[in-house]
Structures are given as C-alpha cells and as structure tokens.
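Working notes, beginning with the structure itself.
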Amino acid sequence: MRTHQLVLAWIEEQLAAGVLAVGSRLPAERALAEQLAVSRTSVREAIRVLEAMGLVRSGVGSGPEAGTVITSDPAAALGATLRLHVAASQLPVADIVQTRVLLESWAAAHASADAPSLPVAAQLLARMEACTEVDAFLALDARFHVALAEAAGNAVVSAMMGSLRGAIEGYASRLTANLPDWASTAQRLRLEHASILAAVSAGDSTAAAALVTEHIEGFYREAGLRHGGAN
Ligand SMILES: [Zn+2]
C-alpha cells in the first residue's frame, strides 16, 4: 500500500466509525502526518484525491474557512468521473441508449409531480419551441432529459444522467446527420416531450415510463438504424 493510501484508509475508517462526518474538519496536515507516521506529502496527496472525489474541501489561510472540511458532494463528483470515462472510452451508442432507457423509464415512473426540476423542464421545452438550430436544440433536449430524471429525487440517478448528458448530445448530433428531414423530426420530438412532461405532471407513472422509452428508442431507430447501426 502506498503511503497516501494509508491516509485514505484511515480517513475511511474514521468516516465509517462516525468519528468524522460531513462538516468535520480533518486534523492539520502536520498533526495527521505525525499521527500516521507518514510524510506531509502523503497527507497532501490523499487530500487531493479526496478533493477530486468530492469528499473534502480545502480552505486556505486562517479563520473559519481554513483547513480541510468533509463536504460530500456525490452527485458532482460521480458526474465528473463518469463524464471523463465516457470521454475516454468508445462507448457504443446502443449501450448508451439502453442505459438511458433503464434510468429514464425508472425516473419517469418515480418522478414526483411537484419536483422543482419539472418547471425547469417546462422552460426548456418552451425554449425548444422556437429553436431551429440543430445542435442548440439537441443541447436543450439533453438538458430536458436530465431535469426530467431529477424529478425522481434519486441523487445517484441524477448524477449518472448529468454525466451522460455530453454523450447524449454527441450521439444525437451525429445521428441527426442521417435524418432526411430535421424539421419534421424536431416537431415530433417537441410533441413527444410535451406528452412525457404531461404524464409525469399528472402522476401517470406507467404512461410516463412508456412514453419516454418510446421517445428514446424511436429516435435511435429512426436515425441510428438508417446508418446500418454502425454508429
Ligand atoms: Zn428528447
């Protein structure tokens, strides 16, 4: 085990035991290094790893903001991590589509009709009404799906959807080049979005899940298979 991993293991133990919790301050770098008999460099390295994982925030200087505080921001951290992995690998579009269906049909069925993200979703649809530029439309489209999924109130699902947003925009943009008539597809997508949002807002979970599934798979069938599924 490398020495910074000793520090990480110690912090994990403290968290699991409830000695450290969100809002707790870590011991000062020098004290922690002495206590664990490691170098201060190892402590700093461990803290940088935890920062990247969204688990601590490091304040500089003195005063109440100074020191390293346990913050825990799983949605942001998981989102950033997944986005990087999506960017780094050639993930097949068919697999992204399946994952969307899995996450979004579940989220649509479990959405709460008074979730604060639903008015956001409605605003995005209003902006898409007037939007004729393809990539701008697709960016709003992906944000609509993230907002819709957030209505289920599951932080992990929200983070995963947020992390997939860039990948969704990317494949939709590539596949749109295969479509014979973007204007008519865009109009169909607008109508489908409106009925998905209406079903979620009415608390009709069965219809909402079926509509969002058909919306995601329908676009992929129309645009993806036209190209022999090579996308
Ligand atoms: Zn859509």
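The values are calculated or read from the model by the stated rules, or taken from the named source; none is laboratory data. Fair warning: this is a prediction, and the values are worked out from it, not measured in the lab. Neighbour counts are summed over all protein chains in view; Cβ atoms, including those assigned to glycine, are modelled from backbone coordinates with ideal geometry.
Just one of the numbered conditions (1) in a strand (DSSP E or B); (2) among the charged types (D, E, K, R); (3) within 24 Å of residue 152 (Cβ to Cβ) is not true of residue 100: (1).
Of everything listed in (1) out of contact with any Asp or Glu (no Cβ under 6 Å at 6 or more places or on another chain); (2) within 25 Å of residue 156 (Cβ to Cβ), the single unmet condition for residue 30 is (2). Selection of region 147-158 for residues being of a type in the set (A, V, I, L, M, F, W, C) and surrounded by fewer than 21 Cβ atoms within 10 Å (Cβ to Cβ) yields 155, 156, 157.
Selection of region 199-219 for residues being within 14 Å of the ligand (Cβ to nearest atom), touching a residue at least 40 places away in the same chain (Cβ under 8 Å) and under 21 Å from the mean Cα position of the chain (by Cα) yields 200, 208, 212, 213, 216, 217. Entry remark, region 146-182: residues being among the β-branched types (Val, Ile, Thr) and either farther than 23 Å from residue 132 by Cβ or outside the structural domain of residue 120 (by TED's automatic domain parsing) (or both) number 2 in total.
Only one of 163, 173 is in a helix (DSSP H, G or I) and either under 18 Å from the mean Cα position of the chain (by Cα) or buried (at least 17 other Cβ atoms within 10 Å of the Cβ) (or both); which? Outline the logic, then answer.
On the way: 173 fails: either under 18 Å from the mean Cα position of the chain (by Cα) or buried (at least 17 other Cβ atoms within 10 Å of the Cβ) (or both).
One residue alone meets the criteria, 163.
Looking only at region 88-112, residues that are more than 26 Å from residue 186 (Cβ to Cβ) and surrounded by 12 or more Cβ atoms within 10 Å (Cβ to Cβ) come to 4 in all.
Only helices (runs of 4 or more DSSP H) whose full extent lies in region 1-95 are considered here, and the ones with at least 1 residues that are under 30 Å from residue 216 (Cβ atoms) and under 24 Å from the mean Cα position of the chain (by Cα) are 74-88. Only residues that are farther than 16 Å from residue 137 by Cβ and within 15 Å of the ligand (Cβ to nearest atom) were counted across region 177-195, and they come to 1.
Reported count of residues in region 126-145, each being within 13 Å of the ligand (Cβ to nearest atom) and either part of a loop (DSSP other than H, G, I, E, B) or among the aromatic types (Phe, Trp, Tyr) (or both), is 3.
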